[in-house]
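J.: First the structure, then my questions, so here it is.
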Amino acid sequence: MYSENKFAYTFDDTKADYGDTYYRVKVVLSNGKFYYSGTVKLKQGGNNWTMNIFPNPAVSNTILNITTAKAENIDVTIYNISGSKVYQQSKYVPAGIHSLIIPSEHYAPGMYYVVAKTLSGSFTKSFLKN
């Protein structure tokens, strides 16, 4: 049985990627027995922006709603299910809410992947084209 003493642990993860990272502590007792703490989820690096896609499934245009906490250069690339690039645009957006309209009416029906990148992180989301 382990002691009810409480301990504080600190750790700087300098190699954590952007996005969600999961951590837990392994405690090894002097008798060799061990146990694990509960798992906690932390958002590392914290993207300063979010992206949503609608409508999904898309019929004609696909709209990317981008919300930024600070001014960012955003690179948006769309790939089809085969990995071929079908769209690319770089755009400067000031802080706030922005809509980027992607003319997707000529895309073949199927699944597409949107990769949006900034210096502070990246998002990959998918949409279906009917």
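The values are calculated or read from the model by the stated rules, or taken from the named source; none is laboratory data. If you're wondering where the values come from, they're calculated on a predicted model, not measured in any experiment. Please note: Cβ atoms are built from the backbone with ideal geometry, for glycine as well, and neighbour counts cover all protein chains shown.
J.: Does GLY121 fit the bill of being of a type outside the set (Val, Ile, Thr) and modelled with pLDDT under 85? Write out each step before concluding.
T.: Numbers: of a type outside the set (Val, Ile, Thr): yes; modelled with pLDDT under 85: yes.
Here the answer is yes, as GLY121 does meet what is asked.
J.: In a strand (DSSP E or B) and touching a Lys or Arg at 6+ places or on another chain (Cβ under 9 Å), is that true of VAL114?
T.: Values: in a strand (DSSP E or B): yes; touching a Lys or Arg at 6+ places or on another chain (Cβ under 9 Å): yes.
Judged against the criteria, VAL114 is a match.
J.: Is it true that some residue in the range 36-51 is touching a residue at least 60 places away in the same chain (Cβ under 8 Å), within 16 Å of TYR113 (Cα to Cα) and in contact with a Lys or Arg (Cβ under 8 Å, 6 or more places away or on another chain)?
T.: yes
J.: Another one. Within the group ILE74, ILE66, which residue is touching a Phe, Trp or Tyr at 6+ places or on another chain (Cβ under 9 Å), modelled with pLDDT of 90 or more and under 21 Å from ALA116 (Cα atoms)? If you could, list the steps in order and put the result at the bottom.
T.: Values: ILE66 fails: modelled with pLDDT of 90 or more.
Exactly one residue qualifies, and that residue is ILE74.
J.: Okay, next question. When you scan the range 102-109, do you find a residue that is within 19 Å of the chain's Cα centre (by Cα) and of a type outside the set (Lys, Arg), even just one?
T.: Initial filter on the range 102-109 (within 19 Å of the chain's Cα centre (by Cα)): none.
No, the conditions are met nowhere in the range 102-109.
J.: Just need a number here: residues in the range 54-80 that are assigned to a strand (DSSP E or B) and either among the polar types (S, T, N, Q) or buried (at least 19 other Cβ atoms within 10 Å of the Cβ) (or both).
T.: So in the range 54-80, the residues assigned to a strand (DSSP E or B) come out as 54, 58, 61-68, 72-80.
When the remaining residues are screened for being either among the polar types (S, T, N, Q) or buried (at least 19 other Cβ atoms within 10 Å of the Cβ) (or both), the result is 58, 61-62, 64-68, 72-74, 76-78, 80.
So the answer is 15.
J.: Pick from the range 112-130 the residues that are over 14 Å from THR77 (Cα atoms) and not small (Gly, Ala, Ser): which of them is surrounded by the most Cβ atoms within 10 Å (Cβ to Cβ)? Walk me through how you get there before you give the answer.
T.: Taking the range 112-130 first, the residues over 14 Å from THR77 (Cα atoms) are 119-121, 128-130.
Add one more test, that the residue is not small (Gly, Ala, Ser), and what stays is 119, 128-130.
On the way: LEU119: 9, LEU128: 13, LYS129: 19, ASN130: 10.
Only one residue tops the list, namely LYS129.
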